[in-house]
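Below: the structure, in structure tokens.
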Amino acid sequence: KDQIEGPFRDLRLIATTLIVMGVVLGVADRLAARDETGGKHRVVKERKTLKDLGVKDGLIYGFCQAMALIPGVSRSGATISGGLLMGYTRESAARYSFLLAIPAVLASGAYELKDVGEGHVSWGPTIFATLVAFFVGYAVIAWFMKFITTKSFMPFVIYRILLGILIFALVWSGALSPHAGESAG
């Protein structure tokens, strides 16, 4: 964990990846929209669904998910972008992205379980928080899936780009230290 987080916890890198991955998501979304509306410059004849998922696409999805080890790269944003660029529909790309999250979230939760019961953390609040997080997460995913069938990913693209610009501005002004966790000089 420290080998991944340590050298990469630089706000300039985070701001850069926020912007770059925002642009990638925007480009992927525009290409998908052109295909779905029959616009010129079509990349694929027909968008793929999860029924078309094979080993090659699965490996590419896995690579996209691994990119989230880089701070500022959203796991779901990277996998959805990858799916759109491979020719999947918005709904299929998002659905598979959320399915990919299940093993990652379960493994992460299992890893953190070792700390439950030690110190000030007890099982009761942990179980309650887990249940609340599950139901809220389910509701948000249901809303998101409905949202993307009628809207584009552009609000998320704009958010990522503006947040990246804000972080750069705060670092360059000296309000934030470029190294996360340190105070500004």
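The values are calculated or read from the model by the stated rules, or taken from the named source; none is laboratory data. In this text, all values refer to a predicted model and were calculated from it rather than measured experimentally. Here the Cβ is made from the backbone with ideal geometry for all residues, glycine too, and neighbour counts use every protein chain on show.
Are there any pairs with C-beta distances below 7 angstrom linking a residue in region 121-134 that is surrounded by 11 or more Cβ atoms within 10 Å (Cβ to Cβ) to a residue that is modelled with pLDDT under 80, with the two at least 6 apart or on different chains, and if so which?
Val121/Asp115; Thr126/Val116
Looking at region 71-160, what helices (runs of 4 or more DSSP H) fall wholly within it and have at least 1 residues that are among the hydroxyl-bearing types (Ser, Thr, Tyr) and closer than 30 Å to Ala15 by Cβ?
Details: elements: 75-85, 90-112, 123-150.
Ranges flagged: 75-85, 90-112.
Which of (1) within 25 Å of Asp57 (Cα to Cα); (2) surrounded by 10 or more Cβ atoms within 10 Å (Cβ to Cβ) does Ala139 not meet, given it meets every other one?
All conditions are met except number (1).
Could you list, in sequence order, all residues of region 138-157 that are closer than 23 Å to Gly22 by Cβ and without any contact (Cβ under 8 Å) to a residue 12 or more places away in the chain? Walk me through how you get there before you give the answer.
Start the filter on region 138-157 by keeping residues that are closer than 23 Å to Gly22 by Cβ, which leaves 140-141, 143-157.
Scanning region 138-157 gives Val140, Trp143, Lys146, Phe147, Thr150, Lys151, Pro155.
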